[in-house]
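None of the figures in this text is laboratory data; all of them are computed from the coordinates on show. Quick caveat: nothing in here was measured; it's all calculated off a predicted structure. Cβ sites come from the backbone with ideal geometry, for glycine too, and all protein chains shown count toward neighbours.
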Amino acid sequence: MNIILLGPPGSGKGTQAKRLEQRRGMRQLATGDMLRAATASGSELGLRVKAIMDSGQLVPDDVIIAMIAQRIGEPDCRNGFTLDGFPRTVPQAQALDDMLARRELGLDHVILIEVDEAALIDRLSGRFSCAKCGASYHERHHRPRIEGVCDICGSREFVHRPDDRPEAVTARFEVYRRQTAPILPYYRERGILRVVDGMMAIDEVAREIDRILG
């Protein structure tokens, strides 16, 4: 099964993608991770990506699509994939569809995780993560079971993302509204857009996504 998870920054896309990877074997594909892996690989595509990024330019859509095409052809994507936060624009969505069609693949669902902006700012401003394994926590809503110790790996080192400051979150939300929200009608017209209330507890969101996927 192949799906896209959409939603504003901090809506929980990454968390839910990781859960789908663990439960269903659907590989999480986040463009940031793929870009880092490509540049480290030394492949022809990776060298091209590295040159673009080293020059301070944005990686163009056709390169991103080529990177995704290469990635989904790898054995660990045989059970499907979850695109985490991509595409962000209608041209990207169209290019993704064209690439998948050439490989006789398609999207089963596009799931929008909806959140309230004010509540999201509260959620993100208290967020922190384990510096070693990346496990996510929150100052008020999800602290480690043992204070100061990561539940997953036992590390005692934690970090706060600078872009989780309230003013930074507001700016990121505005970029999402301007760039990404216009692609929702594109998928709605195709009949594959599903909406999940992202303000529910993480486990409840996961159960709703499972219900959609069947």
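Would you compute, from DSSP H runs of 4+ residues alone, the mean residue ellipticity of the chain at 222 nm, taking -39500 (n - 2.57) per run and dividing by the full residue count, rounded to the nearest 500?
Values: 9 runs with 97 residues, N = 214.
Result for the chain: -13500 deg cm²/dmol, rounded to the nearest 500.
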What's log10 of I(q)/I(0) for the stretch 12-87 at q = 0.11, 0.13, 0.16, 0.17 Å⁻¹, Debye sum over Cα points only, no solvent? -0.29, -0.40, -0.59, -0.65
Excluding I65 itself, what net charge comes from residues whose Cβ is under 15 Å from its Cβ, given Lys and Arg +1 and Asp and Glu -1? +1
For the stretch 122-179, evaluate the Debye formula with one uniform point scatterer on each Cα (no solvent term) and list log10 I(q)/I(0) at q = 0.25 Å⁻¹, rounded to two decimals. -0.93
Output the Cα-based Rg and Dmax of the stretch 1-127 in Å, rounding Rg to one decimal and Dmax to a whole number. 15.3, 44
Please give, to one decimal in nm, the separation of the simple spin-label points placed at R190 and L105, each 7 Å out from Cα toward the Cβ. 1.3
I'd like to know which of F86, G198, L213 lies farthest towards the positive end of the charge dipole of the stretch 65-214, counting +1 on Cβ of Lys and Arg and -1 on Cβ of Asp and Glu. F86
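Can you give the net charge of the other residues whose Cβ lies under 13 Å from the Cβ of Q92, counting K and R as +1 and D and E as -1? Numbers along the way, then the final one.
Values: positive: R88; negative: D61, D62, D97, D98.
Cβ neighbours under 13 Å give a net charge of -3.
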If you fit an axis through the alpha-carbon atoms of helix 166-175 and take the longest principal axis of the Cα set of the chain, what angle between them do you get, 0 to 90°, nearest 10? 20
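Tally Lys and Arg at +1 and Asp and Glu at -1 over the other residues with C-beta under 9 Å from the C-beta of C77: what net charge comes out? Before the final figure, lay out the partial values.
Details: positive: R27, R71, R78; negative: E74, D76.
Taking every Cβ under 9 Å from that of C77, the sum is +1.
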At 0.692 mPa s and 37 °C, Stokes diffusion of the stretch 84-136 via Kirkwood alpha-carbon radius, µm² per second: 229
Which translational diffusion coefficient, to the nearest whole µm²/s, is obtained for the chain from the Stokes-Einstein equation, given a Kirkwood hydrodynamic radius over C-alpha pairs, 25 °C and 0.890 mPa s? 134
Per residue convex hull volume, Cα atoms of the stretch 107-214, in Å³: 127
Please work out, to two decimal places, the log10 of the ratio I(q)/I(0) at q = 0.23 Å⁻¹ from a Debye calculation in which every Cα of the stretch 165-214 carries one identical scatterer. -0.96
